[in-house]
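Every number in this text was worked out from the coordinates using simple rules, so none of it is lab data. All figures in this text were calculated on a predicted structure; none of them were measured in a lab. Backbone-built Cβ (ideal geometry, glycine too); neighbour counts: all protein chains shown.
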Amino acid sequence: MSSAVGKYNIKAVSQMLGIQAGTLRAWERRYQIIAPVRNDAGHRLYTEEHVKILKWLIQKINKGFTISQAINLLETSGLITEPTFMSEIENRTQNADITDKLLESLLQFNEVQAQEYLNHAFSLFSIDKVAIDILGTVLVEIGDLWERGKITSAHEHFASAFLRSKIGNVLHTMPINSFLPKVLAFCGPNESHELGLLIFTIYLRKIGFDVVYLGGSIAKADIDIVLKEVNPKFLFLSCTLVENLPETLELVNYLKNKFPALEIGLGGPAFMFLKESLLETYRYHLVGKSRVDWDKWLESKL
């Protein structure tokens, strides 16, 4: 920590940053992230560097981090920069650059470097933007490379494990709005490709939905039990492989008949290959591929 002379008392810092003095004291006691010097009267005096650190932490909190997550990111990355207002072009350029470097690191089995790029992304963007726009893009790229035979199954497994872990961590940090209905999400029959559904679940949690996320496919008999216990308004099913599409649609038909009040949403690459003759039947359930599509679908159902 800088040895610069303290110049701001706690009241001044509180007013500068828009944060309660009690919160500053609590952060100091609990996390020891800064250590204000004391004047002869025993009052705290904050340096310019202290203020810079506190500004950075508050910026992270405003983007959806908890204070403990922001401090952990600070300690692991050392990234403290003054808040900047990037243009849309600069924003997209930084986003694409980090995405490319993260993908390259994962394909080189370099977890340490991948984590560094991810930390950098979190220092620039909000949690949901990183999860959906960066991790989600890398996920799609990995899947595409694997399907085209450009990478091995080892590359796909390593990258997927890393992405699943990071996305899962993000998912459990997001608050729930108790006024919104419950949601159930899992993959269709025989499906184990769950990362796309995880991305969609983060989108739902960002809005505030209480999502019961089950991941891969589950037995048909168990679905009935879970639906009766959870009593969700929405059920989202994901299907990635085309060969699993018929059974997924069969499950949709079964659930529509047994639980007529249940709103069923469908997503995943397999639905791009839905036959024209079936498209009209299931169009109502297709949530789309982008956040704009997802917003429209939810708005029409709420």
With equal scatterers on the alpha carbons only and no solvent term, can you work out the Debye log10 of I(q)/I(0) for the range 238-302 at 0.13, 0.17, 0.21, 0.23 1/Å?
-0.35, -0.60, -0.92, -1.08
If you place +1 on the Cβ of every Lys and Arg, -1 on the Cβ of every Asp and Glu, and leave all else neutral, what size is the dipole of the range 155-226 about its Cα centre, to the nearest 20 Debye?
260
Mind running the shape call on the range 182-301? Use the C-alpha gyration tensor, a ≥ b ≥ c as the square roots of the eigenvalues: rounded below 1.5 for a/c, prolate if a/b tops b/c, oblate otherwise.
rounded
Using the Cα gyration tensor of the range 8-63, with a ≥ b ≥ c the square roots of its eigenvalues, what is the shape: rounded (a/c below 1.5), prolate (a/b larger than b/c) or oblate (neither)?
prolate
With a sphere of radius 12 Å drawn around the Cβ of TYR213, what net charge do the other residues whose Cβ falls strictly inside it have (Lys, Arg +1; Asp, Glu -1)?
+1
Rounded to the nearest 5, the percent of DSSP beta bridges in the chain running antiparallel is 20
For the chain, averaging the sequence separation of alpha carbon pairs under 8 Å that lie six or more residues apart and dividing by its residue count, the contact order in percent is 11
At R0 = 45 Å, FRET efficiency that the Cβ-Cβ distance of LYS296 and ASP40 yields, to 0.05:
0.10
Measure nothing but the geometry: give the 0 to 90° angle between the long axis through the Cα atoms of 88-107 and the longest principal axis through the Cα atoms of the chain, rounded to 10°.
70
Determine the principal axes of the Cα atoms in the chain, then give the extent along each, sorted from largest to smallest and rounded to whole angstroms.
80, 45, 33
Listed by chain and number, the lysines with an alpha carbon less than 23 angstrom from that of LYS220, same-chain partners under 8 positions apart left out, are LYS182, LYS228, LYS233, LYS256, LYS258
Give the distance, in whole Å, between the Cα centre of the range 8-50 and the Cα centre of the range 193-269.
48
Return the lysines within reach of LYS52: Cα separation strictly under 29 angstrom, same-chain partners fewer than 8 residues apart disregarded; answer none if there are no such residues.
LYS7, LYS11, LYS60, LYS63, LYS101, LYS129, LYS166, LYS206
For the range 165-182 and the range 93-146, write down the distance between their C-alpha centroids in whole Å.
21
For the range 177-239, just say rounded, prolate or oblate: build the C-alpha gyration tensor, square-root its eigenvalues into a ≥ b ≥ c, call rounded for a/c under 1.5, and beyond that prolate if a/b exceeds b/c, oblate if not.
oblate
Output the relative contact order of the range 88-171, whole-number percent, from Cα pairs under 8 angstrom with separation of 6+ residues.
33
